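Take a look at the structure set out below.
Each reported figure results from applying straightforward, stated rules to the coordinates on display, with no laboratory input. What you see is a predicted model, and the numbers here were worked out from it, not measured in a lab. No Cβ is skipped: glycine too gets one built from the backbone with ideal geometry, and neighbour counts run over all protein chains shown.
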Amino acid sequence: MMSSLSRTQVVRKSVRGTTRGVVAAQNSRAAQVGAEVLAAGGNAVDAAVAVSFAIGVLEPWMSGPAGGGAMMLWHAEAARAEAVFYGMRAPGALDPADYPLAGTGKADDLFPWDAVKDDRNLRGATAVAVPGVIDGVGQAHARYGRMPWRDLLAPAVELAREGLQVDWYAALMIASATRGLAADPDAAGLFLEEGQWPPVAGWTSTVAKTLPMDAMATTLAELAAKGAREFYDGDVGAALVADVQAKGGSLSRDDLRAYRAELQTPLSFSRGQATLHVTPRLTAGPTFRDVLTMLPPLAGQPGGTAFVAYADALRDAYAKRLEGMGDDGESPSQPGCTTHFSIVDRDGNMVSMTQTLLSAFGAHVVSPSTGLLLNNGIMWFDPVPGRANSLAPGKRCLMNVCPVIGEVGDRRFAFGASGGRKILGAVAQLSSFVTDFGMDLEGAFHHGRIDMSGGDAVTVDDALPEAVHAALAEHHPTTRFRRTVFPYAFACPAGVMRDGVTNTGCTEIMSPWGDAIAEPEILS
């Protein structure tokens, strides 16, 4: 089918080097918050805390305090990588019998699970899992941060007090989820007008609408004053639990009190002259390792041979992942829609951090007492009993997040992406572009990619050379697709690179909000 999109428009993002720190995030204002922290003397972990909370206000449909995720750290002085896992868990009182299969069809969200009656695993309070973001960033800050916790949350508090400005992109995101948001009175009250219409300004309007986020501002101020564990042990946690249970969910205070993020030894492996570090279990980290180790040696330019190799490796690695991975009681020594940001400070410390509510707008449910949009982490579990990733009480979710730290020669990079199952393919190809083909950050992020997250079919960037399309079509069914602002067919990455002492950053070129901000580029 012929597209109506312009055939001559060119979209690029500027990548400039600096000896100071750089923050690459899916929201420019959030990246600016992180750059300001670096300029004030904070390190990469300090900036990550500030960006985590700020982007939860500015891009609330992708992530927030009631979500989960994982991060990779690089400690420059010790030349050491470390993983922090703060994935969600199923509540202890959850009963799998409350999620009966519908009997026909597949789920209509990110994953093609067998459909559950009334979509109880996808939307509503029954889809809410135990959140982990705040304990994850709290533990990282307690161990490695320099600046006071209160100061790092202050920008997010102010942003929430300002309210959410609804420009055309925010209006598009809200409009895409209007039906689901309308089903929850508190979500409708926050994001919709008259409970059913997205807050869209006239198409010639020069004034953006603003959604009040006063309840979230109060919650963030409480967390700033009392610390990360307030969310789990204090009044904020109690209010959140009461709201979830009032809406029919099983989250309990015991679930929150028991939650602890995990500091982990990363899964590290070599590919040629490169060393890559990923999260070791219950993420896409082990599958990323499988993809990179399945690839044959690659060099020169990424042509048809390389992209066929990418497709074959992604197909085989996904099959292995979906058949056998899950929280099946493995010991800690064994491997086991979203936002991502990457940070490098002037000393070379790095953070690659992914946090998520899972679906866009999570469970489409807002906690009225806290103002927080809630996750739908239960969707990560296979609703069919008897499998490695089947739903069970207290079980850890198997996430698609894939933060990476890579080293090759004098270069070090921190990559990651949002996009559900699309994340793995994007991060694997970007890492290969750098390690196999010697691309710099600008070249890697502007290069076309494929996606193979839905079986044997390959979605191919329309801009790739015809020889690549032909080579892929000989081995797999293919679909051509343009890189667009909406929808994202190839995930939405963000990354930073340190080459010697020069730092650069870039985000998905089609993201209208994503940006890489360096310390000298602070806006007043």
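The share of Cα pairs per 10 Å bin across the stretch 427-524, counted from zero up to the longest distance, runs 14, 41, 30, 11, 3, 0 percent.
Beta-bridge orientation, the chain: approximately 95 percent antiparallel, per DSSP, counting only bridges with both partners inside.
As a length-normalised measure over Cα pairs under 8 Å and 6 or more apart, the relative contact order of the stretch 442-509 settles at 29 percent. Amide hydrogen proximity for Leu372: with H placed 1.01 Å from N in the peptide plane, the residues at 5 or more positions away or on another chain lying under 5 Å are Ser367. Here the ratio of the Cα radius of gyration of the stretch 43-134 to 2.2 N^0.38 Å is 1.43. Here the residues Tyr86, Tyr99, ranked from fewest to most Cβ neighbours within 10 Å of their Cβ, fall in the order Tyr99, Tyr86. Here the relative contact order of the stretch 377-524, from alpha carbon pairs under 8 Å that lie six or more residues apart, stands at 21 percent.
Cross-link reach is defined here as a Cα-Cα straight distance under 20 Å, omitting same-chain residues fewer than 8 places apart; for Lys13 the aspartates and glutamates meeting it are Asp440, Glu442, Asp461, Asp462, Asp499, Glu508, Asp515, Glu519, Glu521.
Averaged over residues, the count of other Cβ atoms within 10 Å places the peptides 194-200, 363-369 in the sequence 363-369, 194-200, highest first. Summary of packing: across the peptides 69-75, 302-308, the per-residue average of other C-beta atoms within 10 Å ranks them, highest first, as 69-75, 302-308. The HN-Hα couplings worked out from phi for the stretch 490-496 by the Karplus form 6.51 cos²θ - 1.76 cosθ + 1.60 (θ = phi - 60°) are 10, 6, 10, x, 9, x, 10 Hz, whole numbers, x standing for Gly and Pro.
Straight Cα distances below 14 angstrom link Lys320 to the aspartates and glutamates Asp290, Asp312, Asp456, with same-chain residues fewer than 8 positions distant left out. The stretch 333-412 and the stretch 80-132 have Cα centres lying 13 Å from one another. The separation of the stretch 455-489 from the stretch 137-206, counted between C-alpha centres, amounts to 33 Å. Return the tail of the calculated pair distribution for the chain, meaning the percent of Cα-Cα pairs more than 38 Å apart. Pairs farther apart than 38 Å: 20 percent. For Leu164, nonlocal amide neighbours, meaning residues 5 or more places apart or on other chains whose placed amide H falls under 5 Å from its own, are Leu211, Met213. Summarising the amide proton neighbourhood of Ser511: residues at separation of 5 or more, or on other chains, whose placed amide H is nearer than 5 Å comprise an empty set. Helices in the chain, meaning DSSP H runs of at least 4 residues, each add -39500 (n - 2.57). Divided by all residues, the mean residue ellipticity at 222 nm is -9500 deg cm²/dmol.
Here the Karplus relation 6.51 cos²θ - 1.76 cosθ + 1.60, evaluated at θ = phi - 60°, turns the backbone of the stretch 403-416 into coupling constants of x, 10, 10, x, 9, 8, x, 8, 9, 9, 9, 10, 10, x Hz, with x for every Gly and Pro. Cβ crowding within 10 Å, taken as a proxy for footprinting-reagent exposure, orders Cys402, Cys492 from fewest neighbours to most as Cys492, Cys402.
Quote the Stokes-Einstein diffusion coefficient, in whole µm² s⁻¹, for the stretch 259-318, based on the Kirkwood radius over alpha carbon pairs, a temperature of 20 °C and a viscosity of 1.002 mPa s.
Values: Rh = 12.9 Å.
Translational diffusion coefficient: 166 µm²/s.
Coordinate range of the alpha-carbon atoms in the stretch 358-449 per principal axis, descending: 47, 37, 23 Å. Residues Lys320, Lys422, arranged from fewest to most other Cβ atoms within 10 angstrom of their Cβ, appear as Lys320, Lys422.
Of all lysines in the structure, the ones whose alpha carbon falls short of 17 Å from that of Lys106, not counting any fewer than 8 places away in one chain, are Lys117. Computed about the Cα centre, the dipole magnitude for the chain is approximately 440 debye when only Lys and Arg (+1) and Asp and Glu (-1) carry charge, each at its Cβ. If you model the stretch 148-250 as an ellipsoid using its alpha carbon gyration tensor, with each semi-axis the square root of five times an eigenvalue, the axes come out at 28, 20, 9 Å, biggest first.
For the stretch 431-438, backbone phi angles converted through the Karplus equation (6.51, -1.76, 1.60; θ = phi - 60°) give residue-by-residue couplings of 5, 5, 3, 7, 7, 8, 10, x Hz, Gly and Pro being listed as x.
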